[in-house]
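Asker: Take this structure first; my questions come after.
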Amino acid sequence: HPPLAKLGMVLGMKIFSENAFGWRIIQALLGTGAVFLIYLISKELFKDKLLAILAAAIFSLDGLALVMSRIGMNDTYMLFFMLLSLYFFIKERDFWSAMGFGLALASKWSVIWVIPIFFILWLRRKTKFKLSILWFLLLPFSIYLLTYLPMFLTGHGLDIWWGMQKQMWWYHTGLRATHPYTSSWWSWPLLIRPIYLYTSSEIGGMVSRIYAFGNPFVFWFGLVSVVVGSIYSYLEKNKNLAFVVFAYLIFFIPWAASPRIMFLYHYLPSIPFLAIAISYILRRNSKLIFPFLVISFSSFVYFYPHFAGLNIPIWLDKSYYWFSSWR
């Protein structure tokens with residue numbers, strides 16, 4: 001992957017020393033920032049403050065989003081900067097949107113699927129400035145290249161840089177591997193196969209684990225909300241709702257064509273739009289708001305030890321495996 005997330009971890013360690021807190025604090029802050037950006041994007045799309053608050057709250061109750069913002073990986077970096085770029089694009093602040101896109105691209109290549117989303121938003125604009133296209137042609141690549149500055153300053157040239165890009169491409173398009181926690185793209189909304197990231201030995205009847213695992217009620221109700229939202233958007237010609245459904249789908253459907261092994265965390269960029277779809281359905285059916293939030297919050301608290309690696313009794317740990325594929 002490109003180096004921005006690694007540079008972010010270096011920054012955290014420079015400030016807080018080389019420990020787990022140091023290399024994880026930056027993405028924890030970005031994960032928190034993603035909650036606020038979901039609020040801003042929702043409010044901008046639907047002009048509904050309560051809907052926006054619901055969307056942000058629902059995202060914050062999802063376990064996969066929490067887990068991926070607490071470990072040393074690049075997914076939350078890409079997620080935050082993608083949402084930042086999308087928000088500025090909706091606001092027609094194209095310079096800042098291009099900056100955010102460049103930072104997201106320098107975190108993980110899979111952010112390219114935001115480009116069709118930009119295109120749809122651009123078509124909906126009343127005025128289409130050529131200057132905005134120029135920003136996106138210049139800034140993202142410049143930012144991407146600048147993130148390799150530490151490499152260039154240590155005597156490596158553009159030939160090494162280009163070789164690294166080819167190696168990344170070959171890895172993602174030619175990797176032939178197996179893994180016990182791999183899963184197919186179509187299974188992610190159903191939460192069929194989560195991922196163990198950490199497990200301890202059992203000591204005194206206690207165990208701790210970290211599981212990249214979504215909140216079941218957010219995932220499953222979210223899938224229903226996307227389907228119902230698609231129907232609403234078609235029958236009512238609701239372009240903003242159709243946009244949310246499209247954004248949700250574009251971030252994981254293309255994985256169907258991927259030749260490499262895949263994991264549940266590749267579904268992460270779709271979850272903000274899943275949360276927005278849920279919030280829209282809840283606003284249309286207000287009697288569901290309270291029971292949904294109570295059930296989702298209770299589920300979040302119940303699974304929290306599994307998300308955060310807390311030391312718990314083995315009997316509680318065993319209660320988490322509702323299906324054999326969750327082991």
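The values are calculated or read from the model by the stated rules, or taken from the named source; none is laboratory data. Everything numeric in this text was worked out from a predicted model, so none of it was measured. Neighbour counts are summed over all protein chains in view; Cβ atoms, including those assigned to glycine, are modelled from backbone coordinates with ideal geometry. To get the accessible areas, we keep the full protein, side chains included, count just its heavy atoms, and leave off ligands, DNA and RNA. Shrake-Rupley method; radii C 1.70, N 1.55, O 1.52, S 1.80 Å.
Asker: Quick check on the stretch 47-100: of everything there that is buried (at least 22 other Cβ atoms within 10 Å of the Cβ) and among the β-branched types (Val, Ile, Thr), which residue is nearest to Asn240 (Cα to Cα)?
Answerer: Per the criteria, the residue is Ile58.
Asker: Same structure again: Of the residues Tyr234, Tyr248, which single one is open to solvent by 30 Å² or more (accessible area, probe 1.4 Å) and of a type outside the set (Asp, Glu)?
Answerer: Every option except Tyr234 fails the conditions.
Asker: Quick one: His1 ticks every box in (1) at pLDDT below 95; (2) more than 20 Å from Met99 (Cα to Cα) bar one, so which box is it?
Answerer: For His1, the exception is condition (2).
Asker: Kindly indicate whether Gly229 is touching a residue at least 40 places away in the same chain (Cβ under 8 Å) and among the small types (Gly, Ala, Ser).
Answerer: yes
Asker: Still on this structure, I have one more. Just checking, which of Ser296, Ser279 is surrounded by 15 or more Cβ atoms within 10 Å (Cβ to Cβ), out of contact with any Ser or Thr (no Cβ under 9 Å at 6 or more places or on another chain) and polar (S, T, N, Q)?
Answerer: Ser296
Asker: Additional query: Within the stretch 11-22, can you find the residues that are open to solvent by less than 70 Å² (accessible area, probe 1.4 Å) and under 17 Å from Asn74 (Cβ atoms)?
Answerer: If the condition is that a residue be open to solvent by less than 70 Å² (accessible area, probe 1.4 Å) and under 17 Å from Asn74 (Cβ atoms), then Gly12, Met13, Ala20, Gly22 are the ones that fit.
Asker: Open to solvent by 50 Å² or more (accessible area, probe 1.4 Å), more than 21 Å from Ser85 (Cβ to Cβ) and part of a helix (DSSP H, G or I), is that true of Ile25?
Answerer: Here the answer is no, as Ile25 does not meet what is asked.
Asker: Shifting gears a bit: Filter the stretch 162-183 down to residues that are assigned to a loop (DSSP other than H, G, I, E, B) and either touching a helix residue (DSSP H, G or I) at 6+ places or on another chain (Cβ under 6 Å) or exposed (fewer than 13 other Cβ atoms within 10 Å of the Cβ) (or both), then give me how many there are.
Answerer: Residues flagged as assigned to a loop (DSSP other than H, G, I, E, B) and either touching a helix residue (DSSP H, G or I) at 6+ places or on another chain (Cβ under 6 Å) or exposed (fewer than 13 other Cβ atoms within 10 Å of the Cβ) (or both) within the stretch 162-183 amount to 7.
Asker: Among the listed residues Leu137, Leu103, Leu121, identify the single one that is open to solvent by 30 Å² or more (accessible area, probe 1.4 Å) and at pLDDT below 95.
Answerer: Checking each option against the conditions leaves just Leu137.
Asker: Then there is this: For the stretch 140-160, how many residues meet the condition of being in a helix (DSSP H, G or I) and under 16 Å from Lys108 (Cα atoms)?
Answerer: Residues in the stretch 140-160 being in a helix (DSSP H, G or I) and under 16 Å from Lys108 (Cα atoms): 7 in total.
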